[in-house]
Amino acid sequence: MIKNYFKIAYRNLLRNKSFSIINISGLAIGMASAILILLWIQNEISYDRFHANDRRLYEIYSNDTINNSVRSLVNTPEIMAPVLKDDVPEIEEASRYSSDENLLLAAGEKNVKVQGATVDAPFLSMFSFPLLKGNRNTALRYPYSIVLTGKLAKKIFGNEDVMDKLIKVENDENFKVTGILKDLPNNTQFYFEFLLPYEFNNAKHYIDSDWTNISVRTFAMLKPNTSVDEANARIKNVIVQHSGKRAKTTEFLYPVSKLRLYSNFENGKAVGGRIERVRIFSIIAVFILLIACINFMNLSTARSEKRAKEVGVRKVVGARKKSLIGQFFTESILTAFISGVLAVMIVQFCLPAFNQLVEKQLFIDYKNIYSWIAGIGFVLLTGILAGSYPAFFLSSFKPVSVLKGSFKKINALVTPRKVLVVLQFTFAIALIICTIVVEQQIKYAQSRETGYDKNNLGYVYIQGNIPKNYELIKNELLNSGAVASVSKTQAPLTQNWSSGISMNWQGKDPNAKIQVNRYTEDGDLVKTAGMHLVQGRDIDIKNFPSDSTACLISESAVKVMGFKNPIGQLIYDDPENWHVVGVIKDFILESPYEPIKPFMVKGPKYGGNAIHIKLSNANNISTNLARAEKIFKKYNPAYPFEFYFIDKEYAQKFSDEKLTGTLASLFAALTILISCLGLFGLAAYMAANRIKEIGVRKVLGASVANITALLAKDFVKLVAVALFIASPVAWWVMNKWLQGYNYRINISGWVFIVAGSLAILIALITVSFQAIKAAISNPVKSLRTE
């Protein structure tokens, strides 16, 4: 019987080639879209779940009460990890993690700048990063050891055996290679190409023992069958107990497996994060697949008149309803199987571009048995979902009614087919609205005044011989004609590296904790960055030697500090008093979607980490960079010249929202395409069923426009109903999404008008093709007696 089912299903597919192609194409596009989204979702939810000890791995967070609100901080004191290991019996191992960016590694004539990390020796036994060579228990136990990834080892040494070879770090100390890691997977929050041991810092006495200075991340692995609540109770007041300060600070363990998806905190509690995006795209995947299945349902039931007689005859000769349902399910599963094969081909073709878009390396693991089980299950689920309604609808026809030709409901106000079309376009219109809102929010944030001029502004990191040659480099840059201005700063203008809550000034409430972001400069920052002075002057060491402890404060800082006359005021930030010489207009240092925090720019007493450079407008950028590179290579030959443009760095702040908008636009377009395929098929069937009516109308004088409008208006009405349903749903979803941003747009009414008009226009164009084709046909042929 099963063989007979497939034989009949195959014949039906061949008998109706055009509609089979529409069905298979719609399902294939829907399945391919769903597969791409599911691959992305699987990657997101698998972050750091591959570690053998993943259920026992935690990161230490701190809850700090500032301005009567609780902030959750990921950074911890450098001394915390060894103390927790010794004092908390529930903790089996602990490790610090300090990211080392742009370090120079050299071996022989080969120099590379890469990102690494300094960790404690147990790090490799806590986290299951595959070790190709070396012993994970001992690889980082010695002060002068280093572990490389396979990619970095090949970059430095080629195909040589790298074990026990020496690598010089930052042109200073030599480290021996004691292990080779397999390149990190793309589903881990960690990013490093080498690991250095904290034993080196211990041996050099570089460890900061100040419990109030939070500068590293701390990870802990609990012992098996340990209570997390008990461990949390023991570590809750560890900073307070050891520092005697910050009485409102508490610590807690947070699962490593949740760091990727649940990284947002409000008042000390996790409130979500990337999981919201995962949920949104999970819904999109389900609805795209559902829309593709709706096409199949609509086209199958649209052919009910042709299949009805077949059903009637089968029932008269003894076929049971169960066997008819099996037949129709077989047809849908066969269609789904063909579509599934085509979908996999589409996915393989599109994956390189999709990977580039989402910045991942997604793939289908054909060697994994679970991939095949999931694939077969996916095809069966799609086939059953698509064939469920047609199977029960077509098998329910009564033979007598069918054979008399009286089974059809004429001009019913509400039919399942109309409901399904409305559902399709409801989701398509909602996606269009969401896409427009996301784009508007991005543009709104991008148009926000930054407070400085990004054009021709960039920076280089201070490293190697730059500190001792800084004045020579600065003078030659200014004299080269390539540079308009130079300023040494603590960090890039697009990043916040320091903030404090312990600053004091005259009139401050001693019980208040006010967070102020810190920055440094050695002069000319206002000129270099194009900032705006509101009062006073910039820091100027040449004319005012005491400016080494001078500072600028922002307008927001003036407000929270309560200064009526800020110039000359003193701000104490341990261990110095800083005197205010100027007030600058607020500028965006962190997220462009968040309110600007109070800001303080200190003088150069404690040095800097970056040199900001304003390139000259007199030359093109390549000429300016070539001249600057020549000067830096002259005084710092061991390091490659790397210039980072501020405008590009600033643009990265919008990357997550841009990705969301791009993916929403892509899948909105695919949703519309699938919906239009269904409309196209339905319109063709409607035109075919009303061909004689069209012939009569043409004979009686109806124009092509009249007939086209007659056939198209029913579909346009359905799209209008979909717009009416989609608008409030999309408004609610996007309004909730926008609540996550302090700096956000208000959703305007024109968004719904544009989305609705676009959907109606697309539907009208799709249906009109078949309507016009039917309207211009020869009425003589359509009225000819069969």
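A short reminder: the numbers here are calculations on the coordinates, not readings from a lab. A quick note: this is a predicted structure, and the numbers were derived from the prediction, not measured. Positions of Cβ are backbone-derived with ideal geometry, glycine not excepted, and every protein chain shown enters the neighbour counts.
Assorted remarks:
- Under-5 Å amide H pairs with Lys133, H placed in peptide plane, nonlocal only: Ile180
- Summarising the amide proton neighbourhood of Ser616: residues at separation of 5 or more, or on other chains, whose placed amide H is nearer than 5 Å comprise Val483, Ala484.
- Backbone geometry of the stretch 333-346 corresponds, through the Karplus equation with coefficients 6.51, -1.76 and 1.60 at θ = phi - 60°, to 3J(HN,Hα) couplings of 5, 4, 4, 5, 5, 4, 5, x, 4, 5, 5, 5, 5, 5 Hz, x marking Gly and Pro.
- Gyration tensor (alpha-carbon) shape descriptor, the stretch 46-101, a/c threshold 1.5: prolate
- Cα gyration tensor shape for the stretch 586-625, rounded if a/c is under 1.5, else prolate or oblate: oblate
- Phi angles of the stretch 118-126 translate, via the Karplus equation with coefficients 6.51, -1.76, 1.60 and θ = phi - 60°, into HN-Hα couplings of 9, 9, 7, 4, x, 3, 6, 8, 6 Hz per residue; Gly and Pro are given as x.
- Ranked packing of 126-135, 483-492, most packed first, by mean Cβ within 10 Å: 483-492, 126-135
- Cα gyration tensor shape for the stretch 562-673, rounded if a/c is under 1.5, else prolate or oblate: oblate
- Its Cα gyration tensor gives the stretch 98-159 an equivalent ellipsoid; the semi-axes, largest first and in whole Å, are 21, 14, 11.
- Long-range amide H partners of Ile584 with built H, under 5 Å: Val534, Ile553, Ser554, Glu555
- Computed extension gain for Ala618 through Gln348, at 0.36 nm per residue and net of the alpha carbon distance, reaches 92.3 nm.
- For Asn742 and Asp172, the difference between the fully extended length at 0.36 nm per residue and the C-alpha to C-alpha distance is 200.6 nm.
- The relative contact order of the stretch 41-165 comes to 17 percent, based on Cα pairs under 8 Å that sit 6 or more residues apart.
- Here the Karplus curve 6.51 cos²θ - 1.76 cosθ + 1.60, taken at θ = phi - 60°, turns the phi angles of the stretch 582-598 into couplings of x, 10, 10, 5, 3, 9, 7, 9, 9, 6, x, 9, 10, x, 6, 8, x Hz, with x standing for Gly and Pro.
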